[in-house]
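Asks: Questions regarding the structure given below will be posed in turn.
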Amino acid sequence: MYAWPASDVPALPGSGRDLRIHDTATGGPITLQPGPVARMYVCGITPYDATHLGHAATYNAFDLVQRVWLDTGRQVDYVQNVTDVDDPLLERAVANEEDWTVLAERETALFREDMTALRMLPPRHYIGAVEAIPEIVPLVERLRAAGAAYELEGDIYFSVAADPAFGGVSGLDAETMRLLSAERGGDPERPGKKNPLDPMLWVAAREGEPSWDGGSLGRGRPGWHIECVAIALGRLGMGFDVQGGGSDLAFPHHEMGASHAQALTGQWPFARAYVHAGMVGLDGEKMSKSKGNLVFVSQLRRSGVDPAAIRLALLAHHYRADWEWTDGVLEAAVARLERWRSAVSRPDGPPADGLLEEVRRALADDLDAPAALAAVDRWVETQRTTGGTDEGAPGLVSRTADALLGVAL
Ligand code: 5CA
Ligand code: ZN
């Protein structure tokens, strides 16, 4: 699939710092030391509804990762998927009485528009589950041949027992895993499974649902976790730098993905860091398509909100925090954007080299965007109260906000 256009990333003087980031698997911070090409996989949307603020917050976090790496002079090989065939998408298409491909294409197109408006840098590879089926089938066949998968009434399951490191990503106990598996697309109650947690690799063709030729697997469609594994392994290989998504993906999705890949290759780890963004809520509940308590990026844009203000509203929260979207969050961001724009519209101002270093330091320290915003706020306040005579300063502040925070002033 094609992704979306990249906004310019202005050049900055000097060079940024290596990123220290919280890794779910080790439960603590690790300093990433990628090679000249940093490798990241971020789980993409299931396109059955428009992009809400929760999605945008998660993609904002990984956009910062990409920007911090670019600032160190690295290239970034960034891969993102689109789960363009899965149960929730097919169910919504039935409810809407529309073709599932029409639904998926429409919502993916809207996602691209939202990401472009928010100045999220695009992935280098943007890959749909459907287009990845020829890559997925041989992986499932290999897992089966290796004894890591088994058949149950035509469906093919992964055996979590095949990965000695299973559990190492989320670190959860068996009971919690079972609960989360039931909540998040698994089927722990299905009789006949070797382990209730075993996830599906290949879903046998069902009446009224789309299916594809799966070679020795028979007709069917891919399971969710193997989709991301195939897309990641085919482009990044094992041991890539960051596997990213919201915290609701730590288990089962990223746990199972890591186990699929480790069982397939005999290597460990799948990713060096598992990075998870907090959940954004509305009215006391996680914002989710199934609960319907959503604020959409496209809705805000249509009502005239500047995308840069939406971006500032996201950046005002640490990516690992769970937080609530409120009208006040947006109002504060709109006011901040106005103050920043007014401060950089003057021809000179207080020196900004120190500010650039502060923003770099904040982001390199587990993507501390609120600290980065506070640093810009301080420069803006000095500009407002005392001003300065440095002619290059407002321009440097603008370039810093754009290159490192994705905020166009
Ligand atoms: N297609 C799969 C990943 S392979 C999927 O989870 N799609 S999704 O559309 O449900 O979510 C897309 C991304 O947004 C995921 O990383 C998910 O963790 C994140 N996300 C979903 N809801 C929220 C929320 N309320 N707050 C923050 N992030 C969220
Ligand atoms: Zn995924």
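Asks: In the set Glu227, Glu209, which member is in contact (Cβ under 8 Å) with a residue 40 or more places away in the chain, closer than 22 Å to Ile45 by Cβ, of a type in the set (D, E, K, R) and part of a helix (DSSP H, G or I)?
Replies: Selected residue: Glu227, the only one of Glu227, Glu209 that is in contact (Cβ under 8 Å) with a residue 40 or more places away in the chain, closer than 22 Å to Ile45 by Cβ, of a type in the set (D, E, K, R) and part of a helix (DSSP H, G or I).
Asks: Taking the range 84-99 as the search range and keeping residues that are within 16 Å of ligand 2 (Cβ to nearest atom) and acidic (Asp, Glu), which one is nearest to Glu183 (Cα to Cα)?
Replies: Only one residue fits best here, namely Asp87.
Asks: Looking at the range 52-79, I want the residues that are more than 20 Å from Glu107 (Cα to Cα) and have a partner that is part of a helix (DSSP H, G or I) and within 16 Å of ligand 1 (Cβ to nearest atom) with Cβ atoms under 7 Å, at least 6 apart or on another chain. Which pairs are those?
Replies: Listed by first residue and then by second, the contacts come to Leu64/Ala369; Val76/Gln66; Asp77/Leu236; Tyr78/Gln66.
Asks: Taking the condition of being more than 13 Å from His254 (Cα to Cα) and either assigned to a loop (DSSP other than H, G, I, E, B) or not assigned by TED's automatic domain parsing to the domain that holds Glu255 (or both), how many residues in the range 166-180 meet it?
Replies: Result for the range 166-180: 1.
Asks: While we're looking at this one, here's another question. Give me the residue from the range 106-145 that is buried (at least 16 other Cβ atoms within 10 Å of the Cβ), closer than 28 Å to Asp213 by Cβ and among the charged types (D, E, K, R) and, out of that set, nearest to the chain's Cα centre (by Cα).
Replies: Glu107
Asks: While we're looking at this one, here's another question. When you go through Arg346, Arg311, Arg339 one by one, which is the residue that is in a loop (DSSP other than H, G, I, E, B), among the basic types (Lys, Arg), touching a helix residue (DSSP H, G or I) at 6+ places or on another chain (Cβ under 8 Å) and outside the structural domain of Glu107 (by TED's automatic domain parsing)?
Replies: Result: Arg346 is the single residue among Arg346, Arg311, Arg339 that is in a loop (DSSP other than H, G, I, E, B), among the basic types (Lys, Arg), touching a helix residue (DSSP H, G or I) at 6+ places or on another chain (Cβ under 8 Å) and outside the structural domain of Glu107 (by TED's automatic domain parsing).
Asks: Inside the range 26-43, can you point out the residues that are assigned to a loop (DSSP other than H, G, I, E, B) and out of contact with any helix residue (DSSP H, G or I) (no Cβ under 8 Å at 6 or more places or on another chain)?
Replies: Residues satisfying the conditions are Thr26, Gly27, Leu32, Gln33, Gly35, Pro36.
Asks: Can you tell me which residue in the range 189-204 is nearest to ligand 1 (Cβ to nearest atom), limited to those that are in a loop (DSSP other than H, G, I, E, B) and touching a residue at least 40 places away in the same chain (Cβ under 8 Å)?
Replies: Taking the candidates together, the pick is Pro199.
Asks: Do we have any residue at all in the range 223-237 that's under 24 Å from Val65 (Cβ atoms) and away from ligand 2 (no atom under 16 Å from the Cβ)?
Replies: yes
Asks: Gly354 fails exactly one of the following numbered conditions: (1) out of contact with any Ser or Thr (no Cβ under 6 Å at 6 or more places or on another chain); (2) surrounded by 18 or more Cβ atoms within 10 Å (Cβ to Cβ); (3) at pLDDT 95 or above. What is the number of that condition?
Replies: All conditions pass for Gly354, except number (2).
Asks: Here is a list of conditions, (1) surrounded by fewer than 18 Cβ atoms within 10 Å (Cβ to Cβ); (2) in the same structural domain as Ile45 (by TED's automatic domain parsing); (3) of a type in the set (A, V, I, L, M, F, W, C), and Phe270 meets all of them except one; can you say which number that is?
Replies: (1)
Asks: Take the range 243-259 and flag every residue that is near ligand 2 (Cβ under 8 Å from one of its atoms), out of contact with any Gly (no Cβ under 8 Å at 6 or more places or on another chain) and part of a helix (DSSP H, G or I).
Replies: Within the range 243-259, Leu249, Gly257 qualify.
Asks: While we're here: If the requirement is being assigned by TED's automatic domain parsing to the domain that holds Glu107, more than 12 Å from ligand 1 (Cβ to nearest atom), of a type in the set (Lys, Arg) and over 18 Å from the mean Cα position of the chain (by Cα), which of these qualifies: Arg235, Arg221?
Replies: None of the others qualify; the one that does is Arg221.
Asks: Right, next: Given (1) out of contact with any Gly (no Cβ under 8 Å at 6 or more places or on another chain); (2) surrounded by fewer than 18 Cβ atoms within 10 Å (Cβ to Cβ), identify the lone condition not met by Ala308.
Replies: (2)
Asks: Sort out which residues of the range 44-89 are under 23 Å from Thr31 (Cβ atoms) and of a type in the set (A, V, I, L, M), and write them in order of number.
Replies: Scanning the range 44-89 gives Ala61, Leu64, Val65, Val68, Leu70, Val76, Val79.
The values are calculated or read from the model by the stated rules, or taken from the named source; none is laboratory data. Just so it is clear, the structure is predicted and the values come from calculations on it, not from any experiment. Cβ coordinates were reconstructed from backbone atoms using ideal geometry, including for glycine residues, and neighbour counts include every protein chain displayed.
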